[in-house]
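Working notes for the structure below.
The values are calculated or read from the model by the stated rules, or taken from the named source; none is laboratory data. Only a predicted model underlies this, so the values are computations on that prediction, with no experimental measurement involved. Methodologically, a virtual Cβ is constructed for each residue, glycine included, from the backbone with ideal geometry; neighbour enumeration extends over all protein chains shown. Side chains are part of the model used for accessible areas, which takes the heavy atoms of the whole protein and leaves out ligands, DNA and RNA. Shrake-Rupley method; radii C 1.70, N 1.55, O 1.52, S 1.80 Å.
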Amino acid sequence: MQMIENYIDGELVVPASGEYFDNFEPATGDVYSLIPDSDDRDVNLAADAAKAAFPAWSSTPPEERFAILMRLVALIERDLEPLAQAESKDNGKPVSLARMVDIPRAAANFRFYATAAMHLANESHETFGANSVHAINYTLRQPLGVAGCISPWNLPLYLFTWKIAPAIAAGCTVVAKPSEVTPMTAFMLSKLCIEAGLPAGVLNIVHGTGPKVGSAIVGHKDIKAISFTGGTKTGEEIARTAAPMFKKLSLELGGKNPNIIFADCNYEEMLATTVRSSFSNQGEICLCGSRIFVERPIYEMFKTDFVERVSALKIGDPTDAATDVGAIVSKQHFEKILSYIDLAKEEGGTILCGGKAVTAETQRPGDESEPGAIATGFRVDSERCKKGHFIEPTVVEGLPHDCRTNQEEIFGPVVTIMPFDTEDEVLGYANSVRYGLAATVWTENLSRAHRISAKLESGIVWVNCWMLRDLRTPFGGVKDSGIGREGGFEALRFFTEEKNVCVKL
Ligand code: NAD
């Protein structure tokens, strides 16, 4: 059984408690490694190491930080295949997705911030006052000290590095915690950091649960800022602890994203992208569009074509190159998603396809027992995955925009489809949720695209595309989807304190 270790002060170490808990492979339901059950003692050691490393690291020239981070990029790229295999095994996502998206993006995060740190500029202002006063004001942006980075399970290495890379590129030192549900690639990263020659204490990775390790990071007096991605409820808890300590906070939280489709859209492109934006990574991407609004003239056509395409998705063993939809990340999350499918039915929704767990018992060649259901034949053709947590890609119709199914985050392979008639009506539906992370708009009408984009309560609007990312753009949500923005110089600035120096000439 593989034992995961913490990475503290440049070394791989066992947790202070000596205790471990199980790490499951979601595609099989089996335990395959053990995770350190760390606590505040490990966090204290990590914070001490980070604090001790800060003076030297913060005064290391950006060119030297660049060189070390680029060595890390080369190592991630060298190990792309084992990292992709590990990510897929730990999370349940198709290995093809980990290979194409997750791991390349982890390398891209370090590359982007290694270079960006060399371009971070400070402002200066020449000041003229009364009585011939003349001064120069300039702004120093200084790394703020030890930063805490806490990440979720859905894009494990991708989001972990999205926080760590700007923090250490900016000159901060870090205490980081990956999700306890998917710790493996963070552990592999710690070995690569040692190989890359990252100085001891610059990055410290403490594994364990949110209540023990996450809250100890958030509450630690020497940790000056918290960059968190995860659920809205956890974000609230973090803010409650961090706000009275006057810590800087960046919170990237939940979403319930609208996908708005007008009749004049490029239909083929919209259809293919909407299948992806609904079910990529089993719908477990905070940016997935889970509420699909379709203009009435094309609603019936869309419904038929969409359900046909979704029904053709291949659900199966994540290691199989042909798999489109893999396993749900954990038994707990699997049960949560199924409870929402039950809720959708209770609320009067019709399941157009999917709607069930795919287990050894329920695998079947199609099922038309639901009124209005279309036979699908989802099955997992793998002996090894018989006890895995698989859920059929599910499309629901017939629900109002304000029911719980359409208001609460499900974060799984479940979407609803709803018709609309006017722009104002669909904007009302789209903006009716507490969240505001991302939205997608499909239309060939340029004026409408701009008009709607301006009115959507959302941190990101994709017009005629989805998840087309440019790392320079501000990334984050409004309303209960969070505060602050990641990406570009925003993230580097987050990890610095600004100091105004005024020199009278
Ligand atoms: P989660 O909030 O349960 O956990 C996220 C991380 O926080 C984990 O590392 C967890 O151990 C830790 N944590 C839990 N309790 C904590 C506490 N009290 N103090 C400090 N840390 C604590 O979220 P999850 O289930 O891992 O991830 C799914 C959620 O993440 C969804 O809501 C999804 O929308 C959101 N998400 C948001 C974005 C975004 O960019 N906005 C991206 C990905 C995922």
| query | Relative to the longest principal Cα axis of the chain, at what angle does helix 232-242 sit, 0 to 90 degrees, rounded to 10? | reply | 20 degrees
| note | Reported to the nearest 10 Å², ILE483 has, with a 1.4 Å probe, an accessible area equal to 90 Å²
| query | Between LYS345 and ARG404, what length in nm is gained on full extension when 0.36 nm per residue of separation is reduced by their alpha carbon distance? | reply | 20.1 nm
| query | How long is the gain from GLU126 to LEU12 if the chain were fully straight, where each residue apart is worth 0.36 nm and the alpha carbon distance is subtracted? | reply | 36.0 nm
| message | Rounding to the nearest 10 and keeping the result within 0 to 90°, find how far the Cα-based axis of helix 62-78 lies from the longest principal axis of the chain. | response | 30 degrees
| query | Non-local amide H neighbours of ALA439 (under 5 Å, H modeled in plane, Pro and chain starts lacking H): which ones? | reply | ILE460, VAL461, TRP462
| How much solvent-accessible surface does CYS265 expose, in Å² to the nearest 10, with a 1.4 Å probe and all protein chains in place? | 20 Å²
| field | Excluding exposed DSSP-loop GluC sites (Glu not before Pro) (at most 14 other C-beta within 10 Å), longest clean stretch of the chain | value | 124-360
| remark: As straight-line cross-link partners of LYS345, the qualifying aspartates and glutamates (C-alpha separation under 20 Å, not fewer than 8 residues apart within one chain) are GLU335, ASP367, GLU368, GLU370, GLU392, GLU397, ASP402, GLU408, GLU409
| note | Stokes-Einstein D for the stretch 257-470 (25 °C, 0.890 mPa s, Kirkwood Rh from Cα pairs), in µm²/s, comes to 142 µm²/s
| Based on the alpha-carbon gyration tensor of the stretch 19-121 and its eigenvalue square roots a ≥ b ≥ c, which shape applies: rounded if a/c is under 1.5, prolate if not and a/b is larger than b/c, or oblate? | oblate
| note | With the charge dipole of the chain built from beta-carbon charges (+1 for Lys and Arg, -1 for Asp and Glu) about the Cα centre, the Cα from ASN281, HIS134, ASN6 projecting farthest to the positive end belongs to HIS134
| For the chain, size of Cβ-based charge dipole, Lys and Arg +1, Asp and Glu -1, in debye | 1340 debye
| query | What order do LYS248, LYS303 take when sorted by accessible area (1.4 Å probe), most exposed first? | reply | LYS248, LYS303
| query | On a 0 to 90 degree scale, rounded to 10, what angle separates helix 40-58 from the longest Cα axis of the chain? | reply | 60 degrees
| task | Would you kindly derive the ³J(HN,Hα) couplings of the stretch 472-481 from the backbone phi angles with the Karplus curve 6.51 cos²θ - 1.76 cosθ + 1.60 (θ = phi - 60°), listing them in order in whole Hz, with x for Gly and Pro? | result | 7, 7, x, 10, x, x, 10, 6, 7, 8
| task | Please list, in chain and number order, the residues 5+ apart from VAL396 or on another chain whose amide H is under 5 Å from its amide H, with Hs placed from the backbone. | result | LEU352, VAL415, THR416, ILE417
| task | Could you tell me which of the pairs LYS177/LYS233; LYS177/LYS331; LYS455/LYS499 are separated by over 24 angstrom between their Cα atoms in the structure shown? | result | LYS455/LYS499
| said: If I take R0 = 41 Å and measure r between the Cβ atoms of GLU498 and ILE194 in this structure, what FRET efficiency does the formula 1/(1 + (r/R0)^6) give, to the nearest 0.05? | reply: 0.75
| note | Residue-ordered couplings for the stretch 151-165, obtained by feeding phi - 60° into the Karplus form 6.51 cos²θ - 1.76 cosθ + 1.60 and rounding to whole Hz (Gly and Pro as x), are 10, x, 9, 6, 10, x, 6, 4, 7, 4, 6, 4, 9, 5, 4
| task | Work out the FRET efficiency for LYS455 and LEU80 from their Cβ-Cβ distance, taking R0 = 45 Å, and round it to the nearest 0.05. | result | 0.65
| How do VAL433, VAL503 stack up against each other in accessible area, from largest to smallest, with a 1.4 angstrom probe? | VAL503, VAL433
| task | List the residues of the stretch 476-505 whose backbone N lies under 12 Å from a point placed 7 Å from the Cα of GLN142 along the Cα-to-Cβ direction. | result | 497-501
| field | Straight-distance crosslink candidates among aspartates and glutamates, where the alpha carbon sits under 14 Å from LYS386 and sequence neighbours closer than 8 are dropped | value | GLU25, ASP30, ASP317, GLU361
| Between ASP381 and MET1, what is the FRET efficiency for a Förster distance of 30 Å, r being their Cβ-Cβ separation, to the nearest 0.05? | 0.60
| remark: Everything considered on the Cα gyration tensor (a ≥ b ≥ c; rounded for a/c under 1.5, else prolate if a/b is larger than b/c, else oblate), the chain must be described as oblate
| task | Would you calculate, for the chain, the mean residue ellipticity at 222 nm contributed by helices, counting each DSSP H stretch of 4 or more residues as -39,500 (n - 2.57) and dividing by all residues, to the nearest 500? | result | -11000 deg cm²/dmol
| query | Which residues in the stretch 50-88 have a backbone N closer than 16 Å to a point placed 7 Å from the Cα of ARG469 along the Cα-to-Cβ line? | reply | 77, 84, 87-88
